[in-house]
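Trainee: Just passing along the structure, written as structure tokens.
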Amino acid sequence: MAIDGPAGAGKSTVGRQLAAELGLGYLDTGAMYRAVTFAVLRRGVDPNDVDAVAAVSRSIELSVADDLVTVDGVDATVEIRGRDVTGAVSAVAANSAVRTELVARQRSWADKRGGGVIEGRDIGTVVFPDAALKAYVTASPRVRAERRVAEIGGSVDEVEASIVERDRKDSSRADSPLRAGDDAVTVDTSELGVDAVVGVLRKTLEGRIGDRARGSER
């Protein structure tokens, strides 16, 4: 199951709950890009140095679990959500060689588990175009900014401006831009709770599984 969408829309919360309810593994691919960015900054590499950043992505030992992200054995769970990583992650995520490396790791993760709930920005469009369910989870920039400030503090106006700029970079990059897949169900979480969003996705998934079963019987 592929869940895509912009930062702060609630993908991670929805993905974790959906995976738990279905008894499946969960992978936050955004944390993977943040982990590479953490490693880049920790090694003193310029996030805009394409070749050097690509080399970092290929060399690191990376583990992303529900409540723990480690990079080369170092707990980076908190730091990958900090301002330094947040400010540099768009440049790292736009690096085609980094995306190639992490897509391979994401597919390997799914192969080992026989599937799962995987969320990010290009999961349904690039990484798993044949996913059983593709969802695009979004929310208004203002709502997303208010959620982020509630978590880490700051100015709502400043965070909203940063989110709008991040959206612009993610949706306009040449490699795997952020967008909703043609066959993805779009859910706006601006005025919906987590349970409601998960309910929509479960109902959609059940409907599509039923459609496939009926199709195979014909």
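The values are calculated or read from the model by the stated rules, or taken from the named source; none is laboratory data. Bear in mind the structure is a predicted one, so any value in this text is a computation, not a measurement. Neighbour counts run over all protein chains shown; Cβ positions are idealised from the backbone, glycine included.
Trainee: Residues to consider are Leu41, Leu22, Leu27; find the one that is touching a Phe, Trp or Tyr at 6+ places or on another chain (Cβ under 9 Å), of a type in the set (A, V, I, L, M) and either at pLDDT 95 or above or surrounded by fewer than 21 Cβ atoms within 10 Å (Cβ to Cβ) (or both).
Mentor: Among Leu41, Leu22, Leu27, only Leu27 is touching a Phe, Trp or Tyr at 6+ places or on another chain (Cβ under 9 Å), of a type in the set (A, V, I, L, M) and either at pLDDT 95 or above or surrounded by fewer than 21 Cβ atoms within 10 Å (Cβ to Cβ) (or both).
Trainee: Is it fair to say Ser96 is over 19 Å from Val36 (Cβ atoms) and either of a type in the set (Ser, Thr, Tyr) or within 13 Å of the chain's Cα centre (by Cα) (or both)?
Mentor: no
Trainee: For region 151-176, name all the residues that are under 13 Å from Ala91 (Cα atoms) and surrounded by 14 or more Cβ atoms within 10 Å (Cβ to Cβ).
Mentor: Listed by number, the residues that qualify are Arg166, Asp167, Lys169, Asp170, Arg173, Asp175.
Trainee: Something else now. Could you check Glu61 against (1) of a type in the set (Asp, Glu); (2) surrounded by fewer than 22 Cβ atoms within 10 Å (Cβ to Cβ); (3) in the same structural domain as Glu21 (by TED's automatic domain parsing); (4) touching a strand residue (DSSP E or B) at 6+ places or on another chain (Cβ under 8 Å) and say which number it fails?
Mentor: The number of the failed condition is (3).
Trainee: I've got another one for you. Since Val126 meets every condition but one in (1) in the same structural domain as Ala174 (by TED's automatic domain parsing); (2) at pLDDT 95 or above, which condition does it not meet?
Mentor: With (1) in the same structural domain as Ala174 (by TED's automatic domain parsing); (2) at pLDDT 95 or above applied to Val126, the lone miss is (2).
Trainee: Suppose we filter Ala52, Ala20 for residues that are more than 19 Å from Glu151 (Cβ to Cβ), free of Cβ contacts under 8 Å to residues at least 60 places away in the same chain and in the same structural domain as Arg208 (by TED's automatic domain parsing); which single one remains?
Mentor: Result: Ala20 is the single residue among Ala52, Ala20 that is more than 19 Å from Glu151 (Cβ to Cβ), free of Cβ contacts under 8 Å to residues at least 60 places away in the same chain and in the same structural domain as Arg208 (by TED's automatic domain parsing).
Trainee: So, of the residues in region 7-32 that are of a type in the set (Ser, Thr, Tyr) and touching a strand residue (DSSP E or B) at 6+ places or on another chain (Cβ under 8 Å), which turns out to be nearest to Ala196 (Cα to Cα)?
Mentor: Taking region 7-32 and keeping what is of a type in the set (Ser, Thr, Tyr), we get 12-13, 26, 29.
Going one step further and asking which of them are touching a strand residue (DSSP E or B) at 6+ places or on another chain (Cβ under 8 Å), we end up with 12, 26, 29.
Values: Ser12: 15, Tyr26: 19, Thr29: 23 Å.
Here the residue is Ser12.
Trainee: Of the numbered conditions (1) of a type in the set (Lys, Arg); (2) in the same structural domain as Val56 (by TED's automatic domain parsing); (3) touching a residue at least 40 places away in the same chain (Cβ under 8 Å), Arg121 fails exactly one; give the number of that condition.
Mentor: If we test Arg121 against (1) of a type in the set (Lys, Arg); (2) in the same structural domain as Val56 (by TED's automatic domain parsing); (3) touching a residue at least 40 places away in the same chain (Cβ under 8 Å), just (2) comes out false.
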